[in-house]
Amino acid sequence: MEIKNPAVSGTLESSDAQVMVEPGRGTIEIYLESSVINQYGNRIKRVVMETLLRLEVDNVKITVVDKGALDCTIKARVEGAVFRSFGLTDNLPWGGMIRP
């Protein structure tokens with residue numbers, strides 16, 4: 001999948017994350033802002049990367065502003081932003097149903 005349009009998913013509320021995807025420059029670029037980056041930054045990046053790879057997205061600039069979100073929330077926000085970038089809003093195969 002190639003990201004064609006910028007899209008955002010999530011909020012800046014506590015225990016959530018806001019994820020923005022944009023067309024990339026040939027690679028996956030992850031930008032992370034988090035108050036717990038020292039403790040969980042690597043884990044957050046790993047969840048984002050695993051979700052993108054499962055969705056077969058390999059050319060994207062993704063910005064994550066984390067406000068203490070759980071892994072499942074980050075995963076859902078990444079999926080939501082990717083789907084929105086394609087204009088997909090109905091009958092989405094959320095979570096583990098999505099397989100390459």
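Residues considered: S34, S15, S85. Largest GNM mean-square fluctuation over the chain, using C-alpha springs under 10 Å, is found at S15.
In the chain, the longest principal axis of the Cα atoms and the axis of helix 71-85 are about 40 degrees apart. List the GluC sites (Glu not before Pro) within the stretch 1-92 that fall in a DSSP loop (any state other than H, G, I, E or B) and whose Cβ has at most 14 other Cβ atoms within 10 Å. Sparse-neighbourhood loop GluC sites (Glu not before Pro): E2, E13, E56. Where only DSSP H runs of four or more residues are counted, the chain gives -11000 deg cm²/dmol as its mean residue ellipticity at 222 nm, each run worth -39500 (n - 2.57).
What stretch of the chain, leaving out the sites themselves, is the longest with no chymotrypsin sites (Phe, Trp or Tyr not before Pro) in a DSSP loop having at most 16 other Cβ atoms within 10 Å? All intermediate terms of the calculation are to be shown ahead of the outcome.
Values: sites that count: F86, W94.
Answer - 1-85.
Taking Cβ atoms as reference points and 15 Å as the exclusive limit, the residues near R25 contribute a net charge of -2, counting Lys and Arg as +1 and Asp and Glu as -1. When +1 charges are put on Lys and Arg Cβ atoms and -1 charges on Asp and Glu Cβ atoms, the dipole computed for the chain relative to its Cα centre reaches about 140 debye. Rounded to the nearest 10 degrees, the inclination of helix 37-54 to the longest alpha-carbon principal axis of the chain is 10 degrees.
Which entry is the computed Kirkwood radius over Cα pairs in Å for this structure: (i) 13.2; (ii) 14.4; (iii) 14.1? This structure yields the entry labelled (i). Extending 7 Å from the Cα toward the beta-carbon at both N59 and C72 defines two label points whose distance is 3.5 nm. In the elastic network of the chain, a GNM with C-alpha springs shorter than 10 Å, the most mobile of G68, G24, G87 is G87.
All of the numbers you see were taken from the coordinates with simple rules; none came from a lab. Just so it is clear, the structure is predicted and the values come from calculations on it, not from any experiment. Glycine also receives a Cβ, built like all others from the backbone with ideal geometry; neighbour counts cover every protein chain displayed.
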